[in-house]
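The values are calculated or read from the model by the stated rules, or taken from the named source; none is laboratory data. Everything numeric here is computed off the predicted structure, so don't read it as measured data. Please note: Cβ atoms are built from the backbone with ideal geometry, for glycine as well, and neighbour counts cover all protein chains shown.
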Amino acid sequence: MIRWAQVLFLALFVLPATSALAAKPLPKPKPTLSAGADPQAAITRFVNGEDRLGSNVAAYAPANHPTAVRPASDALASLYVVGKLADDGGPIGDGLIWRVYQDFPDETGQLPLVHKGRGGDLETRLPEGRYIVHAAYGRAAMSRVVELRGPASSETFVLNAGGLQLNAVLEDDDATRAADAEFEIYVPENGDHRLVGTVKPGAIARLPAGSYHVISKYGDVNAVRSADVVVEAGKLTRVSLRHQAGNVRLKLVRRTGGEAIADTQWTVYSDDGQPIFKRVGAHANLTLAAGRYAVVAKHRDAEFRQHFTVESGEDEEVVVLAQQFALHR
């Protein structure tokens, strides 16, 4: 009788308590970065948002290392960091963006930002501990784990970067065509090209040292040139891409010297018959590569065609007469 009472007692009290414990969710472990072979590259990818928890991120500390979750010390220490473009170059005086992070992610998988500065070098005071310092100079960037101990610590970041300044000029004219040109900069990647960014003529693109493919667009139609360039660490590379192009203004009139007809549909064809430009309006202003073209101006139910030639460096007005060469449907 006593034994059955003991069994009943366990069934009523012990088993419900065990079930309640099993239903309670276990606390989530604090996130850390996993181990790998290239710590500095992985930290840079992580800071730039290219890697997050769950991916194969190379680590600066083993997973679940006790230092990855300990708070920083209350003692303050000075941190001084300076950036250089090349090993044998001087300090970068301006254009750097510095970010200092805690050395472990928070619950969201982000590295908490504890300090940010821009300009040249950076000097700040932080609690002693381990931090990730990230330096960005345009498209060039690198990160490093810094142990902040004692009264002061100093670090030098060699970014292995340079500058690329691009200009667009016309044949027999070295003047920069800043208003009409734009450059796309690509980097070779897996047998293809990945777009790095776009810049205007005269602007300096800050890039990691290496090879790049540049496409120059003069106007927004078909005046295009390309080149392969090399950026060297610590140097400014200047490249001018020479175009053969001219500006054209189109208008449809009922008589010579007349006003342009509104609501005209414009279509410009290249010499091989391909349509390369379309617009609706009384006028059409465009930049074209030097060569021969045809234009069709449509107004209401009538179409009017005319051929014209673009010469490099010339501005030309092409006037289409509505009484001539009508192509009625």
Across segment 196-233, the tally of residues that are in contact with a Lys or Arg (Cβ under 8 Å, 6 or more places away or on another chain) and part of a loop (DSSP other than H, G, I, E, B) stands at 1
For segment 186-241 the number of residues that are among the hydroxyl-bearing types (Ser, Thr, Tyr) and without any contact (Cβ under 8 Å) to a residue 60 or more places away in the chain is 6
Selection over segment 91-150 where residues are touching a strand residue (DSSP E or B) at 6+ places or on another chain (Cβ under 7 Å) and outside any strand (DSSP E or B) yields a count of 13
When segment 151-177 is examined, which residues are found to be more than 30 Å from residue 224 (Cβ to Cβ) and part of a loop (DSSP other than H, G, I, E, B)? 151, 159, 160
Those strands (runs of 3 or more DSSP E) lying entirely in segment 263-329 with at least 1 residues buried (at least 16 other Cβ atoms within 10 Å of the Cβ) and under 38 Å from the mean Cα position of the chain (by Cα): 265-269, 275-280, 283-289, 291-299, 302-310
For residue 207, state whether it is in the same structural domain as residue 167 (by TED's automatic domain parsing) and surrounded by 14 or more Cβ atoms within 10 Å (Cβ to Cβ). yes
Single unsatisfied condition, residue 80 versus (1) at pLDDT 95 or above; (2) touching a Gly at 6+ places or on another chain (Cβ under 9 Å): (2)
Which members of segment 204-219 meet the condition of being of a type in the set (A, V, I, L, M) and under 24 Å from residue 289 (Cα atoms)? 214, 215
Since residue 182 meets every condition but one in (1) touching a strand residue (DSSP E or B) at 6+ places or on another chain (Cβ under 6 Å); (2) modelled with pLDDT under 90; (3) surrounded by fewer than 19 Cβ atoms within 10 Å (Cβ to Cβ), which condition does it not meet? (2)
Looking at (1) touching an Asp or Glu at 6+ places or on another chain (Cβ under 7 Å); (2) in the same structural domain as residue 238 (by TED's automatic domain parsing), can you tell me which one residue 149 breaks? (2)
For segment 254-277, state whether one or more residues are in contact (Cβ under 8 Å) with a residue 24 or more places away in the chain and of a type in the set (Lys, Arg). yes
